[in-house]
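The values are calculated or read from the model by the stated rules, or taken from the named source; none is laboratory data. Since the model is a prediction, treat every value here as computed from it, not as a measurement. Neighbour counts are summed over all protein chains in view; Cβ atoms, including those assigned to glycine, are modelled from backbone coordinates with ideal geometry. The area values use the complete protein model at the heavy-atom level, side chains included, leaving out ligands, DNA and RNA. Shrake-Rupley method; radii C 1.70, N 1.55, O 1.52, S 1.80 Å.
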Amino acid sequence: MTAKIFRHGDLLIREIWLIPSDAVRKSTNIIAEGEKTGHNHQLVGSHQIFETGEATYFEAKQELSIEHPEHNTIQIPKGIYKVCLLYTSDAAD
């Protein structure tokens with residue numbers, strides 16, 4: 001089976017097989033905070049978000065949406081995912 005990969009703005013969302021055992025459950029629907037505009041990438045639907053010191057993960061318990069005011073809403077199928085930040089802003093910006 002091939003892992004699914006999605007792009008949402010500066011996020012790459014990659015399907016994985018399991019969440020790391022050291023990941024901590026979070027009570028939020030935000031998978032990434034906007035660095036410049038303050039807008040957040042939010043999950044809409046049944047989910048659980050986890051974090052380690054290095055990454056954010058989530059379990060989509062059913063198909064869900066990822067929303068952000070500056071990007072099109074995308075649909076993510078049921079599964080387990082890792083959120084990867086593709087770009088970071090330069091402090092001099």
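Share of carbon and sulfur in the accessible area of the chain stands at 46%, probe radius 1.4 Å. Annotation for Ser21 and Ile74: the two label points, set 7 Å from Cα along the Cα-Cβ direction, are 3.1 nm apart.
Here the extension length gained between Val44 and Phe6 equals 12.1 nm, from 0.36 nm per residue of separation less the Cα-Cα distance.
Within the chain, how many Lys pairs sit with Cα atoms under 23 Å apart, leaving out pairs fewer than 8 places apart on the same chain? Lysine pairs meeting the criterion: 9. Solvent exposure of the chain amounts to 63 Å² per residue of accessible area, where only protein heavy atoms count and the probe is 1.4 Å. Ligands, DNA and RNA aside, Asp10 has an accessible area near 50 Å² when probed at 1.4 Å. When +1 charges are put on Lys and Arg Cβ atoms and -1 charges on Asp and Glu Cβ atoms, the dipole computed for the chain relative to its Cα centre reaches about 440 debye.
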